[in-house]
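Please read the structure below before turning to the comments.
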Amino acid sequence: MLMKGDAQSYGRATVVSILGLVLQAAAAIAVGIYAALSGGDEAAETAAYHIAMGIFVWAPLVFLFDMHRRERREAVELERLAQDEPTGVFETDEQPRAARSLEALRKFVLPAMSLIIGGSLLAIGLMRFRAASAMDTSLADTELQNQGFGIAIGLALAVAGFVFARFVSGMATQRIWAPLKAGASYAVGTALLGLAIAVARFVDSSFGRPVAGDTVAHAVPIFTLILGAEMLLNFVLDIYRPRTPGEDPRPGFDSRLLGLLAAPDKIAENIGEALNYQFGVEVSKSWFYLLIQRWWPGLIAVALLVAWSMTSLVVIEPHQRAMVLAFGSPSKPLVSFGARDGDEIGPGLHVVLPWPMTEVYVPRSVPEDPDAEAVMTSTGVRVLRLGTNPPKEDEAILWTNEHTVEERYSLVQPAPIGQQNDGSTGSDVAALSLVAVEIPAQYVIDSVRSYDELAQPDHRDTLLDVMGERMLMQFMASQRIDRVLGAQRTELGEQVGRRLSEVFSAMPGADGGTRDAGIEMLHVGVAGVHPPKDAAPYFERVVHAGQLREAKVEAAKEYAARTLNTVAAPIEREDGTVITPADIVALIDEMDDLAAQGASEIELAEQELVVQRLLEEAGGSAGAALIRASATRWTRHMGERAKAALYQGQVASFRAAPALYMTGAYFDALAEVMRESRVYLTGESIDQLNVNVKLETQNTSIDVFDPEAGGPNQ
């Protein structure tokens, strides 16, 4: 039955629009209050902005129907005037004022509001989606307040919104109230947001920790973005959509998607018409279609029940170990077809209570790369970075350059100074030293329950890192810098690993006692150790001095070996034995020991003779010197014997003929003296002889100070 477009009908639509405006404003205020009191509910905050935009949907409808009402009254009054005074002086062809205002409202105000609402929803959705993404890490750790109030507000919005939307959509089936479809569709969206908030808060409060809040916090902005994009698309399509005369334009902020939810009975009708058109027959009148149309609620209920029941089947992967949580508390599975260890379940199929009564918890690994995705695994190797940060990939690892983003130093004991040869030390420096140590610690989860009860999901790695850094600080404070820099890295890593295992097996508990962290250390290694960049040159000087000392020691050893080989070469005997210079040196040392012990001269002479024979046989410089000395001794010995024999002959000659021997000796001496003398021969006719003699040494090569060379002392 079609209703007549009179002023009373439009007045009723105006009243309904005002009611929708009031309810929309009340819903926005209620959700906004809950968002402010929740302490960080991102979904509720986004929903408050979205619901508040519905005020701008109902307000144009109020003005539209009120303007229709005014236009109808004005038209009725003009008709009455025309009947009473058909030829009045005020008769004109100009369009009535209310009709002009209504036309302007349709042409300009409604499209402008479509642009404003659509653009605002897009901006809100984009802004809130970025905010939700930025709050991903902290959202899981935020304990929301007043969750019961949020559940009540959400359920109230869902029930009231659906009921009011169904009522308004029923009115909108009449042609004169068709614009109410926009308000009904937005009311359905408000109801959906309220339902989402209620479900998220109910699930989180049931499990005692955030489970669905993060998903809803992202879903609400996406819903807002989709609705805003649809309104802008409707505005563009309305420009090119052909219109029949007398048809009222449909506002662009009227959502067609939400309109299906506001009038669900139209969905089956539209599907039936599409099937009839596609197959060319009236499929909607067949027995199967009628059966489905009659029992579709039951079929949907059975499908939902089956899907809900399948949530009780849990498959644990080979690299996973999980814990069953029933209403937030550890529990055991109903049936297990896989590995099971107490409250923990291993790889295989397990049957638990369906969602949301039971949750299967599998620890997630925290990837080192921030862009990588966390993997649900408990047997995967995790890395705990202790000490300084790892070096950058494109930087050389040197003490004298910056090869990491942010260097972190540990305090260590200084090296003692004034160390004596006996190992005692003089004075110690009363200060501390800095050293950067990079220690990656690899571990796996040993007990899922202990690891889960350690802390909040995003706080566990932080807690382990803090406890590990505390242990490393205490350990390094007891070590000396020379030991840290010079010790074997394997030994240092083993010591740190043992202490880490002790710390993680006795973590402080909430009751004041200790508890196991539920992890097992696999390997702890020291990847790098270096002093601060400014102190690196001083360490290099010490290393350089040590290398220089080693070079000099090696050079001295080489010189000693070369000198020893020059003095005496190895001796190879016929029996294959080899006597090295070191063996000869050992014999010389043995001879010195015999002399120190007071051995007899015979023993010393025998030992000396053995050494002499070996040196001569070795053929080195020592043997050559001994051979030359022996030759010189024999030459001098034989010369002295010759002089003795000559003297004995002279004595015998003197005794045989003393006068003759002395005369011969005299003339020999005179000849020897005159051998180098100047002799001048003159004639007898010279009466007076004057001789000028130039006294110069003729042989300048004779050393006058050498007795053996004919000097004055000869």
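The values are calculated or read from the model by the stated rules, or taken from the named source; none is laboratory data. Computed from a prediction, not measured in an experiment: that's the story for all the values here. Note: ideal-geometry Cβ built from the backbone for every residue, glycine included; neighbour counts use all protein chains shown.
Being of a type in the set (V, I, T), in the same structural domain as I124 (by TED's automatic domain parsing) and modelled with pLDDT under 85 is the requirement here; does V203 meet it?
yes
The condition of being buried (at least 16 other Cβ atoms within 10 Å of the Cβ) and at pLDDT 80 or above holds for only one of V211, V216, V163, V159, that being V216. Looking only at the range 158-181, residues that are in a helix (DSSP H, G or I), over 52 Å from the mean Cα position of the chain (by Cα) and not β-branched (V, I, T) come to 11 in all. Has the range 666-677 got at least one residue that is among the hydroxyl-bearing types (S, T, Y), assigned to a helix (DSSP H, G or I) and farther than 24 Å from V567 by Cβ? Yes, that holds for at least one residue.
Each residue in the range 182-210 was checked for being more than 25 Å from A123 (Cβ to Cβ) and either touching a Pro at 6+ places or on another chain (Cβ under 8 Å) or part of a helix (DSSP H, G or I) (or both), and 9 pass. Going by what's in this entry, would K552 be described as basic (K, R) and touching a residue at least 12 places away in the same chain (Cβ under 8 Å)? Spelling it out, it is not the case that K552 is basic (K, R) and touching a residue at least 12 places away in the same chain (Cβ under 8 Å). Where residues in the range 43-59 are more than 12 Å from L193 (Cβ to Cβ) and touching a Ser or Thr at 6+ places or on another chain (Cβ under 9 Å), which of them is surrounded by the most Cβ atoms within 10 Å (Cβ to Cβ)? Checking each candidate, the answer is V57. Aliphatic (A, V, I, L, M) and surrounded by fewer than 10 Cβ atoms within 10 Å (Cβ to Cβ): is that true of A624 in this structure? So A624 does not fit the description; no. No other residue among A436, A430, A415, A441 is surrounded by 12 or more Cβ atoms within 10 Å (Cβ to Cβ) and either modelled with pLDDT under 80 or more than 21 Å from L384 (Cβ to Cβ) (or both) apart from A415. Residues of the range 311-326 include none that is under 26 Å from S205 (Cα atoms), part of a strand (DSSP E or B) and among the charged types (D, E, K, R).
The sole residue among L349, L299, L386 that is more than 30 Å from G525 (Cβ to Cβ), in a strand (DSSP E or B), of a type in the set (A, V, I, L, M) and modelled with pLDDT of 80 or more is L349. Inspect all residues belonging to the range 685-702 and state whether any of them is at negative phi, surrounded by 11 or more Cβ atoms within 10 Å (Cβ to Cβ) and at pLDDT below 75. There is at least one residue in the range 685-702 that is at negative phi, surrounded by 11 or more Cβ atoms within 10 Å (Cβ to Cβ) and at pLDDT below 75.
For (1) of a type in the set (G, A, S); (2) more than 30 Å from E572 (Cβ to Cβ); (3) free of Cβ contacts under 8 Å to residues at least 12 places away in the same chain, each residue gets a yes or a no:
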position	(1), (2), (3)
R628	no, no, yes
A644	yes, yes, yes
Q648	no, yes, yes
V691	no, yes, yes
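For the range 479-495, the criterion of being among the hydrophobic types (A, V, I, L, M, F, W, C), at pLDDT 85 or above and either within 16 Å of V383 (Cβ to Cβ) or out of contact with any Asp or Glu (no Cβ under 9 Å at 6 or more places or on another chain) (or both) is met by no residue. Within the range 596-608, residues that are in the same structural domain as G623 (by TED's automatic domain parsing) and under 17 Å from G623 (Cα atoms) sit with their Cβ atoms under 8 Å from residues that are of a type in the set (D, E) and assigned to a helix (DSSP H, G or I), at 6+ positions apart or across chains, in these pairs: Q607/E590.
Counting only helices (runs of 4 or more DSSP H) that sit completely within the range 543-659, those holding 2 or more residues that are of a type in the set (K, R) and either at pLDDT below 85 or farther than 30 Å from G486 by Cα (or both) correspond to 621-656. Comparison of E558, E520 shows that the only residue that is surrounded by fewer than 16 Cβ atoms within 10 Å (Cβ to Cβ) and without any contact (Cβ under 8 Å) to a residue 40 or more places away in the chain is E558. Checking the structure you have, find out if any residue of the range 488-506 is surrounded by 15 or more Cβ atoms within 10 Å (Cβ to Cβ) and not in a helix (DSSP H, G or I). No, the range 488-506 contains no residue that is surrounded by 15 or more Cβ atoms within 10 Å (Cβ to Cβ) and not in a helix (DSSP H, G or I). Out of all the residues in the range 526-555, which are surrounded by 11 or more Cβ atoms within 10 Å (Cβ to Cβ) and among the acidic types (D, E)? Result: E540, single match.
Out of all the residues in the range 327-340, which are in a strand (DSSP E or B) and more than 37 Å from the chain's Cα centre (by Cα)?
Looking only at the range 327-340, we keep the residues that are in a strand (DSSP E or B), and these are 329-331, 335-336, 340.
Listed by number, the residues that qualify are V335, S336.
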